[in-house]
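Here is the structure we will look at.
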Amino acid sequence: MRIIISAILVALTCGLASCEMTEQEFYEKVFEEVDPDFILDNERILTSYLKCFYSEIECNAHAEVMKKSIPDVLATVCGRCSDKQKGIFKYSLNKFVPAHPKDWERILSIYDPTGEAWPKVKAFMES
């Protein structure tokens, strides 16, 4: 819930204050305040995020931002991420992939169809 509230607050604050926040700044704000366990430990929420990533349902604001970032995050192995974001990404992968291997395979089939990113991501997870 904190994730969604943070995303909404950022969007509302910028809308009300007419601030000019770049998409990158928005990503940073949303991802650095994420509690991965909130999503990964709640099957209902995790399922809604996965269905969003699979384009099966309409995404909530946070899931949409995550979905849009998946190709770049995989291709660059979080190369544009801050150290905090890299830690969150690594933690999330190490928790999600072993627990949900079929979902991970489906994500890779959509966002890494050539299989180029997975070996680098796996090495990142193991580092």
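Here, each number is a calculation from the coordinates, and none is a lab measurement. All of these numbers come straight from a predicted model, not from anything done at the bench. Positions of Cβ are backbone-derived with ideal geometry, glycine not excepted, and every protein chain shown enters the neighbour counts.
Going through (1) surrounded by fewer than 18 Cβ atoms within 10 Å (Cβ to Cβ); (2) touching a residue at least 40 places away in the same chain (Cβ under 8 Å) one by one, ARG44 falls short only on (2).
Please count how many residues of region 113-127 are free of Cβ contacts under 8 Å to residues at least 40 places away in the same chain and outside any helix (DSSP H, G or I). Adding up the residues that qualify gives 4. The residues in region 62-83 that are polar (S, T, N, Q) and under 12 Å from TYR111 (Cα atoms) can be counted, and the count is 1.
Tell me, yes or no, whether region 91-113 has at least one residue that is more than 15 Å from the chain's Cα centre (by Cα), of a type in the set (Gly, Ala, Ser) and farther than 19 Å from ASP37 by Cα. There is at least one residue in region 91-113 that is more than 15 Å from the chain's Cα centre (by Cα), of a type in the set (Gly, Ala, Ser) and farther than 19 Å from ASP37 by Cα.
Of all residues in region 78-90, those satisfying the criterion of being surrounded by 15 or more Cβ atoms within 10 Å (Cβ to Cβ) and touching a residue at least 40 places away in the same chain (Cβ under 8 Å) are CYS78, CYS81, GLN85, ILE88. If you go through region 47-77 and keep only what is assigned to a helix (DSSP H, G or I) and in contact (Cβ under 8 Å) with a residue 40 or more places away in the chain, you end up with LEU50, PHE53, ALA61, HIS62, VAL65, SER69, ILE70, PRO71, LEU74, ALA75.
Give region 78-105 a look and list any residue that's in a loop (DSSP other than H, G, I, E, B) and closer than 18 Å to PHE53 by Cα, or say none. Across region 78-105, the qualifying residues are CYS78, HIS100.
Within the option set LEU108, LEU74, LEU93, being touching a Gly at 6+ places or on another chain (Cβ under 8 Å) and surrounded by 14 or more Cβ atoms within 10 Å (Cβ to Cβ) holds for one residue only, LEU108. Among the candidates ALA99, ALA123, which residue alone is surrounded by fewer than 17 Cβ atoms within 10 Å (Cβ to Cβ), of a type in the set (A, V, I, L, M, F, W, C) and in contact with a Leu (Cβ under 9 Å, 6 or more places away or on another chain)? Of ALA99, ALA123, the one residue that is surrounded by fewer than 17 Cβ atoms within 10 Å (Cβ to Cβ), of a type in the set (A, V, I, L, M, F, W, C) and in contact with a Leu (Cβ under 9 Å, 6 or more places away or on another chain) is ALA99.
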